[in-house]
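Colleague: Let me give you the structure first, and then I'll get to my questions.
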Amino acid sequence: MKKTLLALLLSCQTSVLVFAQQPATRQLTPAEQKQKEKIEREVQRERQIRAEWAQKQREYEAKQAEKRARKAAKEQEKNAPKVEEKVSPAPAVNIPATEAPAPATVPAPPAPAKVKKEKRAKEVVTPEVKPEPVKEPKAPRVRRERQPKPTTSAGDSAATASGTQPEMSRPKHEFLPKGHLFEPILLDPLEAQTYGSVLPYYSTNGEKYPGSIVPFEFGFAKAFYRRTTEPGRSEELVLDLASFTQFEVFYDYQTNKQRRQIVNNDYKISFLYNIRRGDNNYRIRLYHLSSHLGDDYIYRNRITAPSPNSVNYEVIDGTYSRVVRDWRLYGGIGIGLRKAEERKRFSAQLGAFYKRPSSHAARLVGGVDMKFWQQTGFKPGIHAGIGVEVGRTQNNLTFLFEGYSGFRPYSQYETQHTNWLGIGLYLNPF
């Protein structure tokens, strides 16, 4: 009976072993093999990423530990002198210089057994500790702009040592320089600049114009050569061009339409020689001016015969300018180059203009300009204005409330007495 049971157990065991080994011996299909390889690659990739992250984490922790160690070492170095001063302060003794004995070495006191090695070494090496002088706080450093140093000779260096300002050894030449040695006169109606005005009140010989006059000018003055011999001494050659145009805006009741027509055009070309001597500025100018009525004005007023036009002339004049307490004062005289039979020759100009230097974006400006012509009996043409200059550059905008009283400053009808009030916008493009 036992033998029979043993035989049955053995047969069952062999069958179980065979059944368990059957799946291992089965071959995988190509799709299963690819899936298996893909899974193995993903597992391998994930292990590699984890290993890289672990390595980076270890490196980061090592850097942080190194930084902490450096910081601790710096703090220990900073605190070391303070500990030394507190441990062994030595009072300063004032001894006369004639009786000063030779410095004697002070023996180090016996150190206790539990004192650290570093403190013992310091106490032995430094026999006498002197209090450090109190250092005054340094003033904040101000950054200064570097200026070009002019080349100086032996005579210039001697002048500098004596306190006088050295001169430039060589003159400086500039082509198309920026700015002006003699600033344009803003309130001069015949100055080369750019402006536009609207004059709602305009009267001629006491009769108010039934509309508005809109004068417009496009002009500029540009230096093309400048020579500087020393600081505050310069000369320049300047060319200026200008076109003065006057429009009329009125309502035509015959056609029931608003009219905008050109009344007059004046053209000017000038050659200037500007001189600066410290605070004194000079301008010598030669210019030609001609006046031309607009076609619309001729047609509307039915002008068919030529009229005598004395506003076609050349003038050479000289003007002096100086700034005194934020006021620019100027004056000059001129002489015409045409024959006296064609046009009387002499003219003069005076004026003042206020502009206070400021770092603000806007500042108050204003002034008055007066011109006298022998052609009109030296009766002044007065142009005044007050307003605001906006900007922080050389090409600022100026808004003015302006008025004029005198003979027409432009057009061939210069003998007509004119008054106007309005607002204007002025700009010097250069």
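The values are calculated or read from the model by the stated rules, or taken from the named source; none is laboratory data. From a predicted model like this one, the values you see are computed outputs, not experimental measurements. Here Cβ is always computed from backbone atoms with ideal geometry, including for glycine, and neighbour counts include all displayed protein chains.
Colleague: Checking Glu402 against (1) of a type outside the set (A, V, I, L, M); (2) part of a strand (DSSP E or B); (3) modelled with pLDDT under 95, which test does it fail?
Modeller: Just one mismatch for Glu402, condition (3).
Colleague: Just to be sure before I move on: is Arg363 in contact (Cβ under 8 Å) with a residue 40 or more places away in the chain, among the charged types (D, E, K, R) and surrounded by 14 or more Cβ atoms within 10 Å (Cβ to Cβ) in the structure I sent?
Modeller: So Arg363 does not fit the description; no.
Colleague: For segment 408-430, how many residues are at pLDDT 95 or above, of a type outside the set (S, T, N, Q) and buried (at least 17 other Cβ atoms within 10 Å of the Cβ)?
Modeller: 4
Colleague: If you scan segment 204-213, which residues turn out to be surrounded by fewer than 14 Cβ atoms within 10 Å (Cβ to Cβ) and within 14 Å of His417 (Cα to Cα)?
Modeller: Asn205, Gly206, Glu207, Lys208, listed by residue number.
Colleague: For Ala340, state whether it is at pLDDT below 95, under 20 Å from Ser290 (Cα atoms) and aliphatic (A, V, I, L, M).
Modeller: yes
Colleague: Here's another thing I want to ask about it. Pairs only if they're at least six apart or on different chains, beta carbon under 7 angstrom, first in segment 231-255 and farther than 30 Å from Tyr202 by Cα, second part of a strand (DSSP E or B) and among the β-branched types (Val, Ile, Thr); list them, first residue then second.
Modeller: Hits for this filter: Ser234/Thr228; Glu235/Ile275.
Colleague: Ser270 fails exactly one of the following numbered conditions: (1) touching a His at 6+ places or on another chain (Cβ under 9 Å); (2) not in a strand (DSSP E or B). What is the number of that condition?
Modeller: (2)
Colleague: Then there is this: Sort out which residues of segment 323-343 are touching a residue at least 12 places away in the same chain (Cβ under 8 Å) and surrounded by fewer than 17 Cβ atoms within 10 Å (Cβ to Cβ), and write them in order of number.
Modeller: Val323, Asp326, Trp327, Leu329, Gly331, Ile333, Ile335, Leu337, Arg338, Glu342
Colleague: Sticking with this structure for a sec: For the subset of segment 227-242 comprising residues that are surrounded by 15 or more Cβ atoms within 10 Å (Cβ to Cβ) and among the charged types (D, E, K, R), which member is farthest from Glu174 (Cα to Cα)?
Modeller: Ranking the qualifying residues of segment 227-242, first place goes to Asp240.
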